[in-house]
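The values are calculated or read from the model by the stated rules, or taken from the named source; none is laboratory data. Please read all numbers here as calculations on a predicted model, not as lab measurements. Glycine gets a Cβ as well: all are built from the backbone with ideal geometry, and neighbour counts include every protein chain shown. Accessible surface areas use protein heavy atoms only, side chains included; no ligands, DNA or RNA. Shrake-Rupley method; radii C 1.70, N 1.55, O 1.52, S 1.80 Å.
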Amino acid sequence: MMKAVVINKPHDVKLVETEIPQPPQGFARIKVKAAAICATDLEVVEGNIPANYPIIPGHEWSGIVDAVGSEKDSHWVGKEVIGSSDVVCLECEACRSGNWRYCESFEEIGFKRNGAYAEYMVAPVYGLCEKAENVPFEEAALCEPLGVALGTLKKARAKMGQTALIIGAGSIGLCMLAAGKVMGLEKIVVCARGKGGLKVAEEMGAYATVSTKEQDLEEAMKTLHPEGTDLVIDATGAEECIQKSLRILKRGGTLALAGYGKGKIMSIRIDDIHIKNLKVVGAGNNWNMHKKAMKLMESGAVDLSCFVTEKICLEDFKMGLDHAKNRPDKFVKAVFVNE
């Protein structure tokens, strides 16, 4: 038996004892060493994202391969790993081209399949990546959100020397900052309502930060990027932020939508896109960027150690979820750590 945090249905979360999963063919059983709480997990708790309840959440993880479902995969046993949470067929045209998220049978661990808020989990062997020795397990689990940032910048065709504005200073927004600095974006501005995440952004080397509680973002950007902004990344999914993004962008600029809109219908002024020849890019998920994210961590080009605000055990899940929702000062991530 193992301990696991289970969402039985929206707003019903419990720590339970359950059977240790057995890995089917093509899968590995992972002894979970670290699992980070993501804001998207809160949407599963609230019932805002479709999920197969009851579900063990958790898609940001690292651990040690404990068993495999196929003898041919036995070389993975005992290895420290991170991995993709995408479960796909590997046979369709989308999978063969690397676009796993377009697979008709796509399911994601933590949403449709049990995830990492547990002592053990199962994950597909094809998505495993060895963890670098110099990267702690709790930081390795953050390869998932860092991969989201890398995938977003790739989709947005970000280029060295472009100016950028990141709206939102949660873990995704801060990962965008880390990835943007590595890719050579210039004068990266981070904005958010509260100051907690902005303090972290300042420590990470943001060109400037803007608290929208205290400053008008559009007016501030006229000073920070007087020639306009090449790239705006919205990590909030908020209607007002998207509307402002379109006005802030320079002609020919790009808006990358990296925030979850919670299914809301929003109003935008189409002429803000049409007249300025803007590009608007949907940019959800990490799109198989785990290995690249791990290499950046291993080399020291990206340091996310400041993201691990709290190390907690499974018994502390209520506190972890509460802090992820209410975000105390300078809070970024609560991470479950299993011995």
(request) Quick one: grab the alpha carbon gyration tensor of region 33-173, order the square roots of its eigenvalues as a ≥ b ≥ c, and give me rounded if a/c is under 1.5, else prolate or oblate depending on whether a/b is larger than b/c. (result) rounded
(request) For the chain, build the charge dipole from Cβ charges (+1 Lys, Arg; -1 Asp, Glu) around the Cα centre, then report which of I166, A132, H225 sits farthest towards its positive end. (result) H225
(message) How large is the translational diffusion coefficient of region 101-245 in µm² per second when you combine the Kirkwood radius over alpha carbon pairs with Stokes-Einstein at 20 °C and 1.002 mPa s?
(response) 127
(request) Using +1 at the Cβ of each Lys and Arg and -1 at the Cβ of each Asp and Glu in the chain, identify which of A34, G300, V87 lies farthest towards the dipole's positive end. (result) G300
(message) Between D272 and K31, how high is the FRET efficiency from 1/(1 + (r/R0)^6) when r is the Cβ-Cβ distance and R₀ = 56 Å? Nearest 0.05.
(response) 0.65
(message) Which entries of K9/K262; K181/K292; K31/K311; K159/K250; K154/K330; K195/K295 have Cα-Cα distances beyond 21 Å here?
(response) K154/K330; K195/K295
(request) Under a cut-off of 19 Å between alpha-carbon atoms, report the aspartates and glutamates in cross-link reach of K112, not counting same-chain residues fewer than 8 places apart. (result) D12, E19, D41, E43, E46, E60, D86, E104, E144
(request) Starting from the Cα-Cα distance between M1 and R251, subtract it from 0.36 nm times their residue separation and give me the gain in nm to one decimal. (result) 84.1 nm
(request) Quickly rank 260-270, 156-166 as a protection proxy: mean count of other C-beta atoms within 10 Å, highest first. (result) 156-166, 260-270
(message) On a full-extension model of 0.36 nm per residue, what is the gain between I20 and A301, subtracting their alpha-carbon distance, rounded to one decimal in nm?
(response) 97.4 nm
(request) Let me know the shape class of region 172-248, please: from the alpha-carbon gyration tensor, a ≥ b ≥ c as square roots of the eigenvalues, rounded when a/c is under 1.5, otherwise prolate if a/b is greater than b/c, or oblate. (result) rounded
(request) Kindly list the residues of region 288-330 that lie in the label zone of E202, defined by a backbone N under 17 Å from the point 7 Å along the Cα-to-C-beta vector. (result) 329-330
(request) Only residues of region 215-242 count here: report those whose backbone N is under 13 Å from the spot 7 Å along Cα→Cβ of K159, or say none. (result) 230-231
(request) Taking all protein chains together and a probe of 1.4 Å, list M1, M176 from the most accessible to the least accessible. (result) M1, M176
(request) Principal axes first, then extents: for the Cα atoms of region 111-160, list largest minus smallest coordinate on each axis, whole Å, largest first. (result) 41, 31, 20
(message) If you count only protein heavy atoms with a 1.4 Å probe, what accessible area per residue comes out for the chain, rounded to a whole Å²?
(response) 45
(message) Treating only the Cβ of Lys, Arg, Asp and Glu as charged (+1, +1, -1, -1), what charge dipole size does region 41-199 show about its Cα centre? Round to the nearest 20 debye.
(response) 1020
(request) Starting with the highest mean, order 34-46, 296-308, 69-81 by the number of other Cβ atoms within 10 Å, averaged over the residues of each peptide. (result) 34-46, 296-308, 69-81
(message) Going by average Cβ density within 10 Å per residue, which order do the peptides 316-322, 112-118 take, highest to lowest?
(response) 112-118, 316-322
(request) Report the charge-dipole magnitude of the chain in Debye, nearest 20, computed about the Cα centre from +1 at each Lys and Arg Cβ and -1 at each Asp and Glu Cβ. (result) 940
(request) For the chain, calculate the relative contact order in percent as a whole number, restricting contacts to Cα pairs under 8 Å that are 6 or more residues apart. (result) 19
(request) Any chance you could get the radius of gyration and Dmax over the Cα atoms of region 206-339, in Å? (result) 18.2, 57
(message) Need one number: the % of Cα-Cα pairs in region 238-298 sitting beyond the 15 Å mark.
(response) 58
(message) Kirkwood hydrodynamic radius, region 1-115, all distinct C-alpha pairs: what's the number in Å?
(response) 15.2
(request) Treating only the Cβ atoms of Lys and Arg (+1) and Asp and Glu (-1) as charged, compute the dipole magnitude of region 109-201 about its Cα centre; round to the nearest 20 debye. (result) 620
(request) Run through all the Cα pairs of the chain and give the fraction in each 20 Å bin from 0, expressed as whole percent. (result) 32, 57, 11, 0
(message) Bins of 5 Å, beginning at zero and ending with the bin holding the largest distance: percent of Cα pairs per bin for region 70-123, please.
(response) 4, 18, 21, 20, 23, 13, 2, 0
(message) Which lysines, if any, have their Cα less than 18 Å from the Cα of K244, not counting same-chain residues under 8 positions apart?
(response) K213, K222, K264, K276, K279
(request) Under a 10 Å cutoff between Cα atoms, tell me which one of L198, L224, L142 has the largest fluctuation in the Gaussian network model of the chain. (result) L224
(message) Rounded to the nearest 10 Å², what accessible area does C89 have for a 1.4 Å probe in the complete protein model?
(response) 50
(request) Just the ratio, please: alpha-carbon radius of gyration of region 28-67 over 2.2 N^0.38 Å, N its number of residues. (result) 1.33
